[in-house]
Amino acid sequence: MAEQTAASPTAGPLVWGIVNVTPDSFSDGGRFLRPDAAIAHALRLARDGADILDIGGESTRPVAAPVSTNEEIARVVPVIEGVLAAGVDVDVSIDTRHALVADAALAAGATIVNDVSGAADPRMLDVTARHGAGLVLMHMRGTPQTMQDRPVYDDVVAEVATYLDERRSAAVAAGVAPDRIWLDPGIGFGKALEHNVELLRGLEALVRMGAPVLLGASRKSFLGSLTGRDIPEERLAGSLACVLRALEAGVRGVRVHDVRETRELLDVFMRIR
Ligand code: HH2
């Protein structure tokens, strides 16, 4: 499995392709809500060179409408099953904050839980441990509804690192395999522009924590602030700049919408540097 074999510090980062089975995600909401459209999109990302497909059924943008657990399961499970039935050589990650959704997705064949809440659901760590799954612990300030209410930090890099270290200890104590835990600074989740920039500048501090780091900067609104690009699909150049920064810092995974372009950037850069 890519997640367990290729995530070495000397290889380039693994490419996590984003599959949003949602009506309202910030950049591609509604495009892949139907299972056949989502499966076709996921298989295209696999062909384009994704190592891991990150499938989610709930948007975490600040104004997203709440979705019931049953609805979230109904969105993601057929897509996971469809992708795995196609026999592609990728790992599947479930992007959810809800233990019941993670449980159903892992039973359907996903092998990683990507939790933007840092496993806040009290049952999430147990579910992950029981399935022997990998786990992404991401930092978020507040909830998606409150996270952009004037976030304040004294030292955003240090505070994110301390939080992730605590969550990692809790995950290990609950029985999650220590070598399958990823850490993610949560770009755009309860951070103002300068916090996102400081976190990107300070990625090495997170890499030094010893766990693989995942970075999700693709098409995010801070890139719009830096470039003047209001439309998320037009933020490719900024997104690729973040991939290069991730590579430079020793980050082991980049979560992206534009898999083909990211793959080509990494392949060429790794060959010529
Ligand atoms: N960002 C988003 C969702 N999940 N997971 C991790 N680990 N890191 C991230 O930075 C991250 C994430 C938000 O992006 P997207 O899925 O495209 O949008 P939405 O939440 O609106 O569906």
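The values are calculated or read from the model by the stated rules, or taken from the named source; none is laboratory data. Because the structure is predicted, anything quoted here is derived from the model rather than measured. Positions of Cβ are generated from backbone atoms using ideal geometry, with glycine treated the same way; all protein chains shown enter the neighbour counts. Ligands, DNA and RNA are stripped out before the accessible areas are found, and what is left, the full protein with its side chains, is counted by its heavy atoms. Shrake-Rupley method; radii C 1.70, N 1.55, O 1.52, S 1.80 Å.
Quick rundown of the values:
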{"item": "Carbon + sulfur, % of accessible area of the chain - ligands and nucleic acids excluded, 1.4 Å", "result": "52 percent"}
{"item": "Residue-wise HN-Hα coupling along segment 135-150, computed from phi with Karplus coefficients 6.51, -1.76, 1.60 (Hz; x: Gly, Pro)", "result": "8, 9, 9, 10, 8, 9, 9, x, 10, x, 6, 10, 5, 9, 6, 6"}
{"item": "Cα centroid of segment 157-176 to Cα centroid of segment 34-112, whole Å", "result": "25 Å"}
{"item": "Value at 222 nm in deg cm²/dmol, rounded to 500, when DSSP H runs of n ≥ 4 in the chain each add -39,500 (n - 2.57)", "result": "-13000 deg cm²/dmol"}
{"item": "Diffusion constant of segment 20-79 at 25 °C, which comes from Stokes-Einstein with the Kirkwood Cα-pair radius and 0.890 mPa s, µm²/s", "result": "209 µm²/s"}
{"item": "Residue among MET209, MET138, MET124 with the largest mean-square fluctuation in a Gaussian network model of the chain, springs linking Cα atoms under 10 Å", "result": "MET209"}
{"item": "Computed magnitude of the charge dipole of the chain (debye, nearest 20; Cβ of K, R +1, Cβ of D, E -1)", "result": "300 debye"}
{"item": "Distance histogram in 10 Å bins (all Cα pairs of the chain, percent per bin)", "result": "7, 32, 41, 19, 1"}
{"item": "P(r) histogram, all alpha-carbon pairs of segment 203-273 included - 10 Å bins from 0, percent", "result": "21, 48, 29, 3"}
{"item": "Accessible area expressed per residue, the chain, with surrounding protein chains retained (probe 1.4 Å, Å²)", "result": "42 Å²"}
